[in-house]
Amino acid sequence: MRPAARDEALMRFALDEAAAATTTADVPVGAVVVDASGAIIGTGRNERELRHDPTAHAEVVALREAAARLGSWRLDGCALVVTLEPCVMCAGAILASRVGRVVFGAWDDKAGAAGSVVDLLRERRLPHRVEVVAGVLADEAEAQLRAFFAPRR
């Protein structure tokens, strides 16, 4: 499977995770971590409302599951696919875990840390930089977020 098609397939999986977050009134963001072979080793959705935990963002949940599955905090050779551009906290977790590639759907013009507000994932002054692929199935990811927030505004 070509890389763009693989990214889209994984993003569809992440979009399904995001949809499940709405059952607990969490913002619909979903994430998937894959190892170097492309096998899914971690999944996550926003669980801040569910767990009453400000750190329970989809990316952090997926990274924790992947690290537990591998038995190591180092996720070298892994990639993270997430429906929304990571925030600063999640970008820090991505950098700390040594994930090498991040694919995201929708841009976050308010809190994004992968190129919109800041670009922490590719900051040259840090010891680890991440390949970033932006805008994969962005329309679907944005529509999911708009549908969630529309009745709340």
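The values are calculated or read from the model by the stated rules, or taken from the named source; none is laboratory data. Just so we're clear, the structure is a prediction, and the values are computed from it rather than from any experiment. A quick note on method: Cβ atoms are made from the backbone with ideal geometry, for glycine too, and the neighbour counts reach across all protein chains shown. Side chains included, ligands, DNA and RNA excluded: accessible areas come from the protein's heavy atoms. Shrake-Rupley method; radii C 1.70, N 1.55, O 1.52, S 1.80 Å.
For ALA5 and VAL118 in one chain, what is 0.36 nm times their gap in residues minus the Cα-Cα distance, to one decimal in nm? The ALA5-VAL118 span can extend by a further 37.9 nm. Taking the DSSP beta bridges with both ends in region 13-153, the antiparallel portion is around 55 percent.
Roughly speaking, to the nearest percent, how much of region 1-135's 1.4 Å accessible area is carbon and sulfur?
Details: 3370 of 6410 Å².
Percent of accessible area from carbon and sulfur atoms in region 1-135: 53.
An oblate overall shape is assigned to region 30-132, the ratio a/c of its alpha-carbon gyration tensor axes (a ≥ b ≥ c) being 1.5 or greater and a/b not exceeding b/c. Projecting the Cα positions of PHE104, GLY44, TRP73 onto the charge dipole of region 40-153 (unit charges on Cβ atoms of Lys, Arg, Asp and Glu, taken about the Cα centre) puts TRP73 furthest along the positive direction.
Taking a sphere under 9 Å around the Cβ of SER116 and counting the other residues whose Cβ falls inside, with K and R at +1 and D and E at -1, yields a net charge of -3. With a simple spin-label model that places each label point 7 Å from the Cα along the Cα-to-Cβ direction, the separation between ARG74 and ALA39 comes to 2.0 nm.
Remark: relative contact order (the chain) = 19 percent; criterion is Cα-Cα distance under 8 angstrom and separation of 6 or more residues. Just checking the listed ones, GLU47, GLU131, GLU17: in the Gaussian network model of the chain with Cα springs under 10 Å, the one fluctuating most is GLU131.
With N set to the residue count of region 94-153, report its C-alpha Rg divided by 2.2 N^0.38 Å to two decimal places. Write down the numbers at each step before the final one.
Numbers: Rg = 13.5 Å, N = 60, 2.2 N^0.38 = 10.4 Å.
Ratio of Rg to 2.2 N^0.38 Å for region 94-153: 1.29.
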